[in-house]
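To keep things clear, I will list the structure first and then write my remarks on it.
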Amino acid sequence: MVKIGNFFFKYRNWIFILFYLALFIPSPPLFSERYFGENYYWLPIIIGLIVTISGQLIRGFTIGLAYIVRGGKEGKPYAEGLVTEGIFNHCRNPLYVGNILMLLGIGILSNSIFYVLVMIPVFIFIYQAIVLAEENFLQNKYGASFNSYSARVNRWIPDLSGIKKTFSSMKFHWKRWILNEHTTQFIWLNGIILTLFLNYPQLSNYDTGQRNKTLIILLSVLILLYALIRYLKKSGKMIG
């Protein structure tokens, strides 16, 4: 699994994009009017939004509380230090948990049984392999310290005991969150907006013209906000 994880780690950014594109694969619905009535579409919308927003919140709190300088170096796992504070004190891989919930929520929002039952399990398998490769690197680099951390903190399931103390004892760096997450949030919000208005004509009263106007306005606002944050980051006028 470590070898498989090293392979997927090298292409992990592309994997996320490919899984977003898989949302467009035709699929039978998770929820339908036949079984849930004429207002069935509120179920995938509400459940999907709750799940995907939960994933983004986990990512936001993780980055805002304790920044982790970990990523790829020459296509391999790399870390400048073993971060065990903040949300990492409750889960060893909160960013990956957030990603899984974000994609699962979008899959539910798109009302795709294929995506939820096929693509999400494949995504979890890939992440499990990547995590094993990263943990192999961390164990080799930090030895007993990482073993002690692993014995105390779950790999996937967050342990919420002491979470109040974590939030009260640390400062949330919102600028760091925005600067590090703006691209992810831009892609994520675009996906939500497109999924809502293209999959559910009920939201625009089946008026295609009104739907297209709404899409243009919302997507334009997102593009402008994204461009503004990129400018502030590149110019150094906004520092996390």
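Each reported figure results from applying straightforward, stated rules to the coordinates on display, with no laboratory input. From a predicted model like this one, the values you see are computed outputs, not experimental measurements. Don't worry about glycine lacking a Cβ; one is built from the backbone with ideal geometry, like all the others, and counts go over all protein chains shown.
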Restricting to lysines 8 or more places apart or on different chains, can you count the pairs in the chain with Cα atoms under 19 Å from each other?
10
Return the sequence-ordered ³J(HN,Hα) values of the range 228-237 in whole Hz as given by the Karplus equation 6.51 cos²θ - 1.76 cosθ + 1.60 applied to θ = phi - 60°, using x for Gly and Pro.
5, 5, 4, 5, 4, 6, 5, 7, x, 7
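Under a point-charge model restricted to the Cβ atoms of Lys and Arg (+1) and Asp and Glu (-1), what is the dipole moment magnitude of the range 173-240 relative to its Cα centre, in debye to the nearest 20? Walk me through the numbers on the way to the answer.
Values: 8 positive and 2 negative charges, 84 e Å.
Using Cβ point charges on Lys, Arg, Asp and Glu, the range 173-240 gives about 400 debye.
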Can you list residues from other chains, or at least 5 along the same chain, whose modelled amide H is less than 5 Å from the amide H of S112?
L30
Highest-MSF residue in the chain out of T183, T208, T166 [GNM, Cα springs under 10 Å]
T208
Does the range 82-133 come out rounded, prolate or oblate, given a ≥ b ≥ c as the square roots of the eigenvalues of its C-alpha gyration tensor, rounded meaning a/c under 1.5 and, failing that, prolate meaning a/b above b/c?
oblate
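Quick check for me: using +1 on Lys/Arg Cβ and -1 on Asp/Glu Cβ, what's the dipole size of the chain about its Cα centre, in debye to the nearest 20? Provide the component values of the computation, followed by the final result.
Values: 23 positive and 10 negative charges, 175 e Å.
Dipole size: approximately 840 debye.
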Let me make sure I get this right: for the range 1-133, a, b and c are the square roots of the gyration tensor eigenvalues over alpha carbons, sorted descending. Under 1.5 in a/c it's rounded, otherwise prolate if a/b > b/c, else oblate. Which is it?
oblate
With everything on Cα atoms, drop me the angle between helix 94-109 and the longest principal axis of the chain, reported from 0 to 90° to the nearest 10.
10 degrees
Helix 42-65 against the longest principal axis of the chain: what's the angle in degrees, Cα atoms only, rounded to the nearest 10?
30 degrees
Quick one: helix 120-142 against the long Cα principal axis of the chain, what's the angle to the nearest 10°, folded into 0 to 90?
20 degrees
Computed, not fitted: 222 nm per-residue ellipticity of the chain from DSSP H runs ≥ 4 (each -39500 (n - 2.57)), nearest 500, equal to -21500 deg cm²/dmol
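Suppose R0 equals 35 Å. What FRET efficiency, 1/(1 + (r/R0)^6) with r the Cβ-Cβ distance, do L215 and V153 give to the nearest 0.05? Before the final figure, lay out the partial values.
Working: r = 42 Å, r/R0 = 1.21.
After rounding, the FRET efficiency stands at 0.25.
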So how far apart, in nm, are the two label points at S168 and F24 if each is 7 Å from Cα heading toward Cβ?
5.0 nm
Looking only at R92, R155, R34, which one moves most when the chain is put into a Gaussian network model with springs between Cα atoms under 10 Å?
R34
